[in-house]
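Below is one structure, written out as structure tokens, with a few remarks after it.
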């Protein structure tokens, strides 16, 4: 059975299928799902991050709203540059898994490539302590993704 967070995520993603940018009012969405507005914040923060390919903008005020934009991913140098910027010099396991999942959801990498990448960036595979682990993970992820994307592009 799906959790409330899963249902909210699915609903927002269904809205984004029709249009890559949507505007929602947090309170109205909370009313629709019979939850507190902080639940909406949680879903937006954890499931619609930049690593997952979304930009969230909040507009405050009486008629305030939240603007969600789904970034398009075309295999080209621009994608490689964007991934380099998102990954940076250090990246934790959760963030790297989010990037890998997004690439899979967009059919940019295959299921087996996704599985291999997740194994490669797993903390147990790297076997170092922080912060060296996050630095090595970032370097590995950038190099392997660049190779994969160049072959596909």
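The table below gives the values:
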{"read-out": "Calculated Rg/Rh (Cα atoms, Kirkwood Rh) (choose from (1) 0.92; (2) 1.01; (3) 0.97), label", "value": "(2)"}
{"read-out": "Separation in nanometres of the label points that stand 7 Å from Cα toward Cβ, at residue 129 and residue 10", "value": "4.4 nm"}
{"read-out": "Helix-only mean residue ellipticity at 222 nm for the chain, each DSSP H run of n ≥ 4 adding -39500 (n - 2.57), per residue, nearest 500", "value": "-18500 deg cm²/dmol"}
{"read-out": "Three-way shape label, region 4-70, alpha-carbon gyration tensor, a/c 1.5", "value": "rounded"}
{"read-out": "C-alpha center-to-center spacing [region 1-63, region 113-153] in angstrom", "value": "29 Å"}
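A short reminder: the numbers here are calculations on the coordinates, not readings from a lab. Remember, predicted model here, so these are calculated numbers, not experimental data. With ideal geometry, Cβ positions are generated from the backbone for all residues, glycine too; neighbour counts draw on all protein chains shown.
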